[in-house]
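The values are calculated or read from the model by the stated rules, or taken from the named source; none is laboratory data. Worth saying up front: this structure is predicted, and the values here are computed from it rather than measured. Every residue, glycine among them, receives a Cβ derived from its backbone with ideal geometry; neighbour counts consider all protein chains shown.
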Amino acid sequence: MGRTIQLWLERSEAVSALLYSPVFEAAWLSDGTVLLEIIALTGAPTVQVSIEQSLDPTDPNSWSLVAAIGAGSVTVVSTAFGGMVGGSTVPLGPYLRFVGQPVLGLGDRIVWSASVTLRN
């Protein structure tokens, strides 16, 4: 197993948000798995973690979706991307970022974490 990058650790949310990771070079993250863990929740909130790619990370309109995972219960879910593990040999990038999006209604609360485990 390769290296693990913690994207968000035990975030406690009471309102909806849109969170962006730093930008990564896709060659460095060519083959990995995103893990989303919901530790606790009240009400019916959900969290989605998306993987996006871009040719120009300075252009906000250049980002396109690669994959997304989401959950709305106390659980751990994952999705693989890139390389043979992701079921594709289509190159990504050259830049990648991760977007976390907790969606909460009035009175909802959630505690969640997200990380990337690299295969290389």
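Among the residues of segment 89-101, is any aromatic (Phe, Trp, Tyr) and surrounded by fewer than 19 Cβ atoms within 10 Å (Cβ to Cβ)?
The answer is no; no qualifying residue exists.
Among the residues of segment 79-95, is any within 16 Å of TRP8 (Cβ to Cβ) and hydrophobic (A, V, I, L, M, F, W, C)?
The answer is no; no qualifying residue exists.
Collect the residues in segment 15-24 that are touching a Leu at 6+ places or on another chain (Cβ under 8 Å) and either of a type in the set (Val, Ile, Thr) or surrounded by fewer than 14 Cβ atoms within 10 Å (Cβ to Cβ) (or both), keeping them in residue-number order.
VAL15, SER16, VAL23
Does LEU29 count as at pLDDT 95 or above, among the hydrophobic types (A, V, I, L, M, F, W, C) and either in contact with a strand residue (DSSP E or B) (Cβ under 9 Å, 6 or more places away or on another chain) or more than 14 Å from LEU7 (Cβ to Cβ) (or both)?
The answer is no for LEU29.
Which residue pairs have Cβ atoms closer than 9 Å, lie 6 or more positions apart in sequence or on different chains, and pair a first residue in segment 10-31 that is farther than 15 Å from LEU55 by Cα with a second residue that is at pLDDT 90 or above and among the polar types (S, T, N, Q)?
So the pair list comes out as GLU10/SER113; ARG11/SER113; SER16/GLN101; ALA17/GLN101; LEU18/GLN101; LEU19/GLN101.
Could you run through segment 44-62 and say how many residues are hydrophobic (A, V, I, L, M, F, W, C) and free of Cβ contacts under 8 Å to residues at least 60 places away in the same chain?
Going through segment 44-62 one residue at a time, the tally reaches 2.
If only one of LEU35, LEU9 is within 14 Å of the chain's Cα centre (by Cα), loosely packed, with under 14 Cβ neighbours inside 10 Å, among the aliphatic types (A, V, I, L, M) and outside any loop (DSSP other than H, G, I, E, B), which one is it?
Answer to the selection: LEU9.
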